[in-house]
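The values are calculated or read from the model by the stated rules, or taken from the named source; none is laboratory data. Remember, predicted model here, so these are calculated numbers, not experimental data. Backbone-built Cβ (ideal geometry, glycine too); neighbour counts: all protein chains shown.
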Amino acid sequence: MSTPELLDLAREYLRQSRPHAWVTVIAVQPPSSAYVGAQAIVEADGTLHGWVGGGCVQSVVKATAMRVIATGHAQRLRLSNSGDPMGDVDVQPMQCASNGDVELFIQPAAVTPHLRVYGSTPVARAAAWFAREVGFETLMDSAVADTAEFAAAHGVPAEAVHVSMLDRPESYALVATQGDGDEAALEDALQSSARAVLVIASRRKAERLRAAMALRGIGEERLADMHAPAGPDVGAMTPHEIALAAVTGLVALRHGRREAATGGASAMEKEGSPGAGKAVATGYVNPVCGAVVDPATALSSLTMEGQTHYFCCTGCRAEFERNPRKYLDIGARMRQPEPQGAGT
(Lines give C-alpha, C1' and ligand atoms only; values in the text may rest on other atoms or scores of the structure.)
Protein backbone atom coordinates (compact mmCIF):
# COMPACT_ATOMS: atom_id res chain seq x y z
CA MET A 1 0.00 0.00 0.00
CA SER A 2 1.48 3.35 -1.05
CA THR A 3 1.87 6.35 1.25
CA PRO A 4 -1.02 8.27 -0.43
CA GLU A 5 -3.26 5.22 0.05
CA LEU A 6 -2.27 5.00 3.72
CA LEU A 7 -3.03 8.69 4.16
CA ASP A 8 -6.45 8.23 2.57
CA LEU A 9 -7.12 5.26 4.87
CA ALA A 10 -6.02 7.25 7.93
CA ARG A 11 -8.29 10.15 6.98
CA GLU A 12 -11.22 7.77 6.69
CA TYR A 13 -10.44 6.17 10.06
CA LEU A 14 -10.22 9.63 11.64
CA ARG A 15 -13.57 10.56 10.09
CA GLN A 16 -15.07 7.42 11.62
CA SER A 17 -13.25 7.95 14.97
CA ARG A 18 -11.85 4.48 14.40
CA PRO A 19 -8.83 3.73 16.63
CA HIS A 20 -5.62 2.82 14.81
CA ALA A 21 -1.86 3.29 15.05
CA TRP A 22 0.75 4.59 12.63
CA VAL A 23 3.93 2.51 12.44
CA THR A 24 7.09 4.06 10.96
CA VAL A 25 10.49 2.41 10.54
CA ILE A 26 13.06 4.87 11.92
CA ALA A 27 16.26 2.80 11.86
CA VAL A 28 17.51 -0.38 10.17
CA GLN A 29 20.67 -2.43 10.65
CA PRO A 30 21.14 -4.74 7.60
CA PRO A 31 20.33 -7.35 6.63
CA SER A 32 16.60 -6.61 6.75
CA SER A 33 13.75 -6.27 4.26
CA ALA A 34 12.52 -3.19 6.13
CA TYR A 35 13.76 0.28 5.16
CA VAL A 36 13.82 3.65 6.92
CA GLY A 37 10.59 5.53 6.26
CA ALA A 38 8.47 2.45 5.59
CA GLN A 39 5.03 2.87 7.13
CA ALA A 40 1.94 0.89 8.03
CA ILE A 41 -1.37 1.34 9.80
CA VAL A 42 -2.54 -1.18 12.40
CA GLU A 43 -6.19 -1.40 13.45
CA ALA A 44 -7.40 -2.17 16.97
CA ASP A 45 -7.95 -5.83 16.02
CA GLY A 46 -4.36 -6.20 14.72
CA THR A 47 -5.09 -5.86 11.00
CA LEU A 48 -2.03 -4.34 9.32
CA HIS A 49 -2.05 -2.20 6.16
CA GLY A 50 1.29 -1.33 4.56
CA TRP A 51 4.79 -2.72 4.91
CA VAL A 52 7.32 -2.46 7.76
CA GLY A 53 9.16 -5.78 7.34
CA GLY A 54 8.65 -9.51 7.02
CA GLY A 55 6.27 -11.73 8.93
CA CYS A 56 8.57 -12.08 11.93
CA VAL A 57 8.59 -8.28 12.28
CA GLN A 58 4.89 -7.85 11.63
CA SER A 59 3.73 -10.20 14.39
CA VAL A 60 5.58 -8.20 17.07
CA VAL A 61 4.53 -4.89 15.53
CA LYS A 62 0.86 -5.90 15.55
CA ALA A 63 0.95 -6.93 19.20
CA THR A 64 2.73 -3.72 20.23
CA ALA A 65 0.42 -1.54 18.15
CA MET A 66 -2.66 -3.12 19.75
CA ARG A 67 -1.20 -2.33 23.17
CA VAL A 68 -0.45 1.24 22.07
CA ILE A 69 -4.04 1.68 20.89
CA ALA A 70 -5.38 0.32 24.19
CA THR A 71 -3.22 2.61 26.36
CA GLY A 72 -3.08 5.65 24.09
CA HIS A 73 0.70 5.93 24.56
CA ALA A 74 3.22 6.05 21.69
CA GLN A 75 6.05 3.51 21.85
CA ARG A 76 9.48 3.01 20.29
CA LEU A 77 10.08 -0.64 19.46
CA ARG A 78 13.43 -2.20 18.59
CA LEU A 79 13.78 -5.74 17.27
CA SER A 80 17.34 -6.83 17.93
CA ASN A 81 19.40 -9.72 19.24
CA SER A 82 22.17 -7.48 20.53
CA GLY A 83 20.69 -7.50 24.02
CA ASP A 84 21.59 -3.84 24.61
CA PRO A 85 18.97 -1.98 26.71
CA MET A 86 17.76 1.36 25.33
CA GLY A 87 15.99 3.25 28.09
CA ASP A 88 12.32 3.71 27.23
CA VAL A 89 12.61 1.68 24.03
CA ASP A 90 10.83 -1.69 24.07
CA VAL A 91 13.60 -4.08 22.94
CA GLN A 92 12.43 -7.50 21.76
CA PRO A 93 14.28 -10.37 20.06
CA MET A 94 14.55 -10.37 16.29
CA GLN A 95 13.04 -13.66 15.14
CA CYS A 96 13.94 -13.29 11.45
CA ALA A 97 16.70 -15.55 10.14
CA SER A 98 18.44 -12.47 8.69
CA ASN A 99 19.21 -11.39 12.29
CA GLY A 100 19.17 -7.69 11.38
CA ASP A 101 17.95 -4.84 13.62
CA VAL A 102 14.80 -2.80 13.05
CA GLU A 103 13.58 0.13 15.13
CA LEU A 104 10.07 1.50 14.77
CA PHE A 105 7.95 4.31 16.18
CA ILE A 106 4.32 3.40 16.87
CA GLN A 107 1.87 6.23 17.45
CA PRO A 108 -1.87 5.90 18.31
CA ALA A 109 -4.51 7.89 16.45
CA ALA A 110 -8.24 8.48 16.98
CA VAL A 111 -7.97 6.77 20.34
CA THR A 112 -10.52 8.61 22.45
CA PRO A 113 -11.55 6.83 25.65
CA HIS A 114 -15.30 6.58 26.13
CA LEU A 115 -16.90 6.75 29.56
CA ARG A 116 -20.49 5.91 30.42
CA VAL A 117 -21.60 7.47 33.70
CA TYR A 118 -24.52 5.83 35.51
CA GLY A 119 -26.62 7.99 37.79
CA SER A 120 -28.11 11.46 38.08
CA THR A 121 -26.38 12.35 41.36
CA PRO A 122 -24.20 15.44 41.88
CA VAL A 123 -21.17 13.13 41.85
CA ALA A 124 -22.22 11.67 38.48
CA ARG A 125 -22.62 15.11 36.92
CA ALA A 126 -19.31 16.34 38.30
CA ALA A 127 -17.49 13.17 37.19
CA ALA A 128 -18.86 13.56 33.66
CA TRP A 129 -17.46 17.09 33.50
CA PHE A 130 -14.05 16.17 34.95
CA ALA A 131 -13.75 13.18 32.62
CA ARG A 132 -14.53 15.32 29.59
CA GLU A 133 -11.88 17.83 30.63
CA VAL A 134 -9.17 15.11 30.68
CA GLY A 135 -10.06 13.75 27.26
CA PHE A 136 -12.84 11.20 27.77
CA GLU A 137 -15.89 11.23 25.53
CA THR A 138 -18.52 11.11 28.25
CA LEU A 139 -21.94 9.57 27.76
CA MET A 140 -24.57 9.86 30.45
CA ASP A 141 -26.83 6.93 31.24
CA SER A 142 -30.54 7.34 30.55
CA ALA A 143 -31.10 7.75 34.29
CA VAL A 144 -30.24 11.44 33.85
CA ALA A 145 -33.61 13.08 34.25
CA ASP A 146 -33.18 16.47 32.57
CA THR A 147 -31.19 16.00 29.37
CA ALA A 148 -31.51 19.58 28.15
CA GLU A 149 -30.48 21.07 31.49
CA PHE A 150 -27.46 18.79 31.79
CA ALA A 151 -26.36 19.42 28.19
CA ALA A 152 -26.65 23.20 28.59
CA ALA A 153 -24.79 23.22 31.91
CA HIS A 154 -21.89 21.15 30.59
CA GLY A 155 -21.67 22.43 27.03
CA VAL A 156 -22.44 19.16 25.26
CA PRO A 157 -25.05 18.34 22.60
CA ALA A 158 -28.26 16.93 24.06
CA GLU A 159 -28.02 13.84 21.84
CA ALA A 160 -24.78 12.88 23.61
CA VAL A 161 -26.59 12.36 26.90
CA HIS A 162 -28.78 9.39 26.03
CA VAL A 163 -26.34 7.06 24.33
CA SER A 164 -25.51 3.49 25.28
CA MET A 165 -21.98 2.23 25.84
CA LEU A 166 -20.03 2.00 22.61
CA ASP A 167 -18.59 -1.40 21.80
CA ARG A 168 -14.95 -0.34 21.83
CA PRO A 169 -11.93 -1.67 23.72
CA GLU A 170 -11.16 1.77 25.21
CA SER A 171 -14.56 2.18 26.87
CA TYR A 172 -15.05 2.54 30.62
CA ALA A 173 -18.01 2.79 32.99
CA LEU A 174 -18.52 4.70 36.24
CA VAL A 175 -21.42 3.76 38.51
CA ALA A 176 -22.32 6.84 40.56
CA THR A 177 -25.92 5.97 41.38
CA GLN A 178 -25.27 6.06 45.15
CA GLY A 179 -28.25 4.05 46.30
CA ASP A 180 -30.63 4.69 43.40
CA GLY A 181 -30.59 1.51 41.33
CA ASP A 182 -27.01 0.50 42.17
CA GLU A 183 -27.43 -3.19 41.36
CA ALA A 184 -29.21 -2.71 38.03
CA ALA A 185 -26.66 -0.12 36.89
CA LEU A 186 -23.69 -2.23 37.94
CA GLU A 187 -25.07 -5.34 36.26
CA ASP A 188 -25.61 -3.39 33.04
CA ALA A 189 -22.07 -1.99 33.19
CA LEU A 190 -20.50 -5.40 33.81
CA GLN A 191 -22.46 -6.92 30.94
CA SER A 192 -21.28 -4.18 28.57
CA SER A 193 -18.00 -4.09 26.66
CA ALA A 194 -16.42 -1.67 29.16
CA ARG A 195 -12.82 -2.69 29.85
CA ALA A 196 -13.19 -1.47 33.45
CA VAL A 197 -16.08 -0.53 35.74
CA LEU A 198 -15.52 1.87 38.64
CA VAL A 199 -18.07 2.18 41.43
CA ILE A 200 -18.60 5.04 43.89
CA ALA A 201 -19.05 3.00 47.07
CA SER A 202 -17.47 2.19 50.41
CA ARG A 203 -15.51 -1.04 50.75
CA ARG A 204 -18.33 -2.69 52.68
CA LYS A 205 -20.91 -1.73 50.10
CA ALA A 206 -18.58 -2.77 47.27
CA GLU A 207 -18.23 -6.27 48.69
CA ARG A 208 -21.99 -6.51 49.04
CA LEU A 209 -22.39 -5.44 45.42
CA ARG A 210 -19.82 -8.03 44.30
CA ALA A 211 -21.80 -10.74 46.08
CA ALA A 212 -25.00 -9.52 44.45
CA MET A 213 -23.38 -9.58 41.00
CA ALA A 214 -22.10 -13.13 41.57
CA LEU A 215 -25.65 -14.19 42.41
CA ARG A 216 -26.78 -12.64 39.13
CA GLY A 217 -24.36 -14.81 37.20
CA ILE A 218 -21.45 -12.38 36.67
CA GLY A 219 -18.28 -14.49 36.55
CA GLU A 220 -15.15 -13.99 38.63
CA GLU A 221 -13.10 -12.96 35.62
CA ARG A 222 -15.50 -10.13 34.83
CA LEU A 223 -15.84 -9.14 38.50
CA ALA A 224 -12.07 -8.55 38.46
CA ASP A 225 -12.81 -5.59 36.14
CA MET A 226 -14.90 -3.96 38.89
CA HIS A 227 -12.95 -1.31 40.82
CA ALA A 228 -14.43 -0.06 44.08
CA PRO A 229 -14.04 2.21 45.94
CA ALA A 230 -13.39 4.31 42.83
CA GLY A 231 -10.12 6.19 42.73
CA PRO A 232 -7.35 6.73 45.31
CA ASP A 233 -8.10 7.79 48.87
CA VAL A 234 -7.58 11.55 48.78
CA GLY A 235 -9.79 12.34 51.76
CA ALA A 236 -12.64 13.42 49.48
CA MET A 237 -15.61 15.00 51.26
CA THR A 238 -17.74 16.94 48.76
CA PRO A 239 -19.40 15.53 45.60
CA HIS A 240 -16.86 17.35 43.42
CA GLU A 241 -13.93 15.94 45.41
CA ILE A 242 -15.38 12.43 45.24
CA ALA A 243 -15.89 12.81 41.49
CA LEU A 244 -12.34 14.07 41.04
CA ALA A 245 -10.94 11.04 42.89
CA ALA A 246 -13.03 8.69 40.72
CA VAL A 247 -11.81 10.30 37.49
CA THR A 248 -8.25 10.10 38.82
CA GLY A 249 -8.86 6.36 39.10
CA LEU A 250 -10.02 6.27 35.49
CA VAL A 251 -6.88 8.04 34.30
CA ALA A 252 -4.75 5.62 36.32
CA LEU A 253 -6.49 2.63 34.73
CA ARG A 254 -6.05 3.98 31.24
CA HIS A 255 -2.33 4.38 31.85
CA GLY A 256 -1.97 0.88 33.27
CA ARG A 257 -1.81 1.92 36.95
CA ARG A 258 -4.36 -0.51 38.36
CA GLU A 259 -3.03 -0.12 41.89
CA ALA A 260 -4.04 3.56 41.85
CA ALA A 261 -7.54 2.94 40.51
CA THR A 262 -9.10 2.06 43.85
CA GLY A 263 -8.72 2.84 47.52
CA GLY A 264 -10.92 5.85 48.13
CA ALA A 265 -14.35 5.88 49.72
CA SER A 266 -16.86 8.67 49.53
CA ALA A 267 -17.27 10.42 52.85
CA MET A 268 -21.02 10.12 52.63
CA GLU A 269 -20.71 6.32 52.49
CA LYS A 270 -17.85 5.53 54.86
CA GLU A 271 -18.61 2.83 57.38
CA GLY A 272 -20.07 4.28 60.53
CA SER A 273 -21.43 7.41 58.82
CA PRO A 274 -25.14 8.24 59.13
CA GLY A 275 -27.20 6.19 56.74
CA ALA A 276 -24.44 3.73 55.96
CA GLY A 277 -26.25 0.97 57.82
CA LYS A 278 -24.71 -2.16 59.30
CA ALA A 279 -25.23 -5.69 58.08
CA VAL A 280 -26.40 -8.08 60.75
CA ALA A 281 -24.98 -11.53 61.19
CA THR A 282 -28.32 -13.27 60.86
CA GLY A 283 -31.52 -12.54 58.98
CA TYR A 284 -32.88 -12.59 55.44
CA VAL A 285 -30.53 -12.06 52.48
CA ASN A 286 -31.98 -9.47 50.13
CA PRO A 287 -31.77 -11.12 46.64
CA VAL A 288 -31.50 -7.73 44.91
CA CYS A 289 -28.35 -6.35 46.55
CA GLY A 290 -27.15 -9.24 48.73
CA ALA A 291 -27.49 -7.32 52.01
CA VAL A 292 -28.48 -9.22 55.14
CA VAL A 293 -31.71 -7.74 56.47
CA ASP A 294 -33.20 -8.21 59.92
CA PRO A 295 -36.91 -8.92 59.27
CA ALA A 296 -37.80 -7.11 62.49
CA THR A 297 -36.30 -3.84 61.26
CA ALA A 298 -36.60 -4.21 57.47
CA LEU A 299 -37.59 -0.98 55.75
CA SER A 300 -39.83 -2.80 53.29
CA SER A 301 -41.20 -6.28 52.64
CA LEU A 302 -43.26 -8.12 50.04
CA THR A 303 -44.99 -11.50 50.10
CA MET A 304 -44.93 -13.48 46.87
CA GLU A 305 -45.46 -17.18 46.12
CA GLY A 306 -45.99 -17.91 49.78
CA GLN A 307 -42.72 -16.33 50.96
CA THR A 308 -42.09 -12.94 52.52
CA HIS A 309 -39.12 -11.04 51.12
CA TYR A 310 -37.42 -8.30 53.14
CA PHE A 311 -35.59 -5.30 51.72
CA CYS A 312 -33.03 -2.83 53.03
CA CYS A 313 -34.64 0.04 51.10
CA THR A 314 -37.63 0.86 48.91
CA GLY A 315 -35.33 0.97 45.88
CA CYS A 316 -34.54 -2.74 46.24
CA ARG A 317 -38.22 -3.54 46.58
CA ALA A 318 -39.02 -1.52 43.43
CA GLU A 319 -36.28 -3.38 41.53
CA PHE A 320 -37.66 -6.71 42.79
CA GLU A 321 -41.17 -5.78 41.62
CA ARG A 322 -39.86 -4.79 38.18
CA ASN A 323 -38.49 -8.28 37.59
CA PRO A 324 -39.83 -10.65 40.28
CA ARG A 325 -39.04 -13.85 38.35
CA LYS A 326 -35.39 -12.95 38.17
CA TYR A 327 -35.07 -12.30 41.90
CA LEU A 328 -37.22 -15.25 42.91
CA ASP A 329 -34.80 -17.45 40.96
CA ILE A 330 -31.82 -15.74 42.61
CA GLY A 331 -33.41 -16.18 46.02
CA ALA A 332 -33.97 -19.87 45.35
CA ARG A 333 -30.20 -20.31 44.77
CA MET A 334 -29.24 -18.47 47.95
CA ARG A 335 -28.66 -20.10 51.30
CA GLN A 336 -30.44 -17.95 53.84
CA PRO A 337 -28.74 -17.56 57.26
CA GLU A 338 -30.27 -19.41 60.16
CA PRO A 339 -32.37 -17.11 62.36
CA GLN A 340 -31.01 -16.34 65.81
CA GLY A 341 -31.91 -19.05 68.32
CA ALA A 342 -32.43 -21.68 65.63
CA GLY A 343 -31.29 -25.22 66.23
CA THR A 344 -31.42 -27.46 69.25
Criterion: surrounded by 18 or more Cβ atoms within 10 Å (Cβ to Cβ), touching a residue at least 40 places away in the same chain (Cβ under 8 Å) and within 20 Å of ARG216 (Cα to Cα) - qualifying residue of CYS312, CYS316:
CYS316
Hey, does the range 234-248 have a residue that's on the phi > 0 side of the Ramachandran plot and not assigned by TED's automatic domain parsing to the domain that holds ALA74?
yes
Quick test for you: out of ASN99, ASN81, pick the one residue that is in contact with a Pro (Cβ under 7 Å, 6 or more places away or on another chain) and part of a loop (DSSP other than H, G, I, E, B).
ASN81
What residue, of SER82, SER98, is at pLDDT 75 or above, more than 29 Å from ALA206 (Cβ to Cβ) and among the hydroxyl-bearing types (Ser, Thr, Tyr)?
SER82
Hey, does the range 208-220 have a residue that's basic (Lys, Arg), in contact (Cβ under 8 Å) with a residue 40 or more places away in the chain, part of a loop (DSSP other than H, G, I, E, B) and within 27 Å of ARG325 (Cα to Cα)?
yes
Is it the case that GLU12 is closer than 28 Å to SER171 by Cβ and touching a strand residue (DSSP E or B) at 6+ places or on another chain (Cβ under 9 Å)?
no
Among the residues of the range 221-247, which ones are crowded, with 21+ Cβ neighbours inside 10 Å, farther than 17 Å from GLU259 by Cα and free of Cβ contacts under 8 Å to residues at least 60 places away in the same chain?
ALA236
